[in-house]
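Heads up: the structure comes next, in structure tokens.
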């Protein structure tokens, strides 16, 4: 059998999967193995190259390990120069390496597999065909350029990623796959031939698949940020301070997705161990499923995540309400927010802050808080975004003091031991919130002072503000979600006794008369139940059916006499 060369533009594959699939992404190893298996059908694969950008490698932590496992040679390409993101460098490196192999190093290779859908590869395919070699292409249906789709140099065949990786939930045109489901629409039977090019263009609505946690390292910073946002989304929607672990897993992952449920459980365990998630057991319950979960607002990672998430959502809200219904995600959102310098934190440097903002944008899009649309402007594809009304995360971010309170919480998490944690320099508000609040920043700060959220106070010669941690608005934003918008709902489960004891007592009227039931002292709980012994009925202080509280009190006094 002839020798085969396999050249993969992993950046093209990665973003194809990110943009044209829903739900959990397949593992990097399974994707590479599927591509390698297709190439091996034509002969032994002698050359295996994978070209990828450093930005993609930073987002996909399992890439290098998967390349080593499959025996592929990794070729990393720098994508930034002087802080600017350079595009198309992976294509240039792939073409250069392919021509070097074709003419100098391995002219004996008879079969070539190119994994990419960029139109720049048409000239490379022509050069390979001119040497009487066979060339095959692997690409996504939606990412395959028209120049390659109709190229005369690709008569050997074009294979689609949709057919090689059927476990991914593709949003391609055509009929629904058998593993896709829609509650309100029947499946449309419209199959495409496997392994060949097609021109099917019948449109359909994308299936509604709940976003689950992708397969990545449970302890990774990115996945812990995603877990924190998932938990915040559920708690705000329920107006609850904490929720049982089993309910959280079932609300995020469908019951049929057992593998995804185990993945989410691993992230929860890692979050509890790292301190990003608080898990409390109620009473004598020790089962994992009954743990009450809530985000740890004092964790540096959680504080930074929620602060920048609120910045992203409020920036979209400010710009869209002022100018237009949609805004460009890069030019009007990510670029302006990444320019602001922050004091400390885990994301140091502009490039890391930009990567963090992109991650939070993608997470908010997964949860349905942000809607996006691709538009064509002057030959360029631009992502336009807007907020989804009434989404829990959007409602949370629109709270009047959300950005201010989270700024205090974030700065507190970055301060060293011994520093004053409740005071923030006034200059930080202008640096971090001016692009978020716009012209309303000064008025929002003044109103926050009037509502008692914070007060102005100088620290030495520096002007600043001090937050009131007991303010109801601040407590609502930092965990007491049952008070959100003034609409308290019954929580899904009661908080543990220590947590309830730490909360302030609700205000009562001084003129209200104490009820008769309140005059009865609380009965002491023991291992055997209430006082009066095991199995007894009608013991001291117990109420008979139909007896009033005053009768019970009288009987108790008579018994003691």
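If you bin every alpha carbon distance in segment 221-295 into 5 Å steps from zero, what whole percent lands in each bin?
Per 5 Å bin, starting at zero, the Cα-Cα P(r) for segment 221-295 comes out as 3, 17, 29, 27, 18, 5, 1 percent.
With only alpha-carbon atoms in the gyration tensor, what are the semi-axes of the equivalent ellipsoid for segment 4-170, in Å, largest first?
For segment 4-170, the ellipsoid semi-axes come out as 23, 18, 17 Å.
With a Cα-only, solvent-free Debye model of segment 1-66, what are the log10 I(q)/I(0) values at q = 0.12, 0.25, 0.30 Å⁻¹?
Taken in order of the listed q values, log10 I(q)/I(0) reads -0.34, -1.16, -1.41.
Within 10 Å, count the other beta carbons around each residue, average over each peptide in 221-234, 465-478, 141-154, and list them highest first.
Packing order, densest peptide first, comes out as 221-234, 465-478, 141-154.
Principal axis lengths of segment 300-478 from Cα atoms, whole Å, largest first?
Extents along the principal axes, in whole Å: 55, 32, 26.
Calculate, axis by axis, the spread of Cα positions in segment 265-402 along the three principal axes, and write the results as whole Å, longest axis first.
Rounded to whole Å, the extents work out to 63, 33, 31 Å.
Bear in mind these aren't lab numbers, they're just calculated from the coordinates by the rules spelled out. Fair warning: this is a prediction, and the values are worked out from it, not measured in the lab. Heads up, the Cβs are rebuilt from the backbone with ideal geometry, glycines too, and the neighbour counts pull from every protein chain shown.
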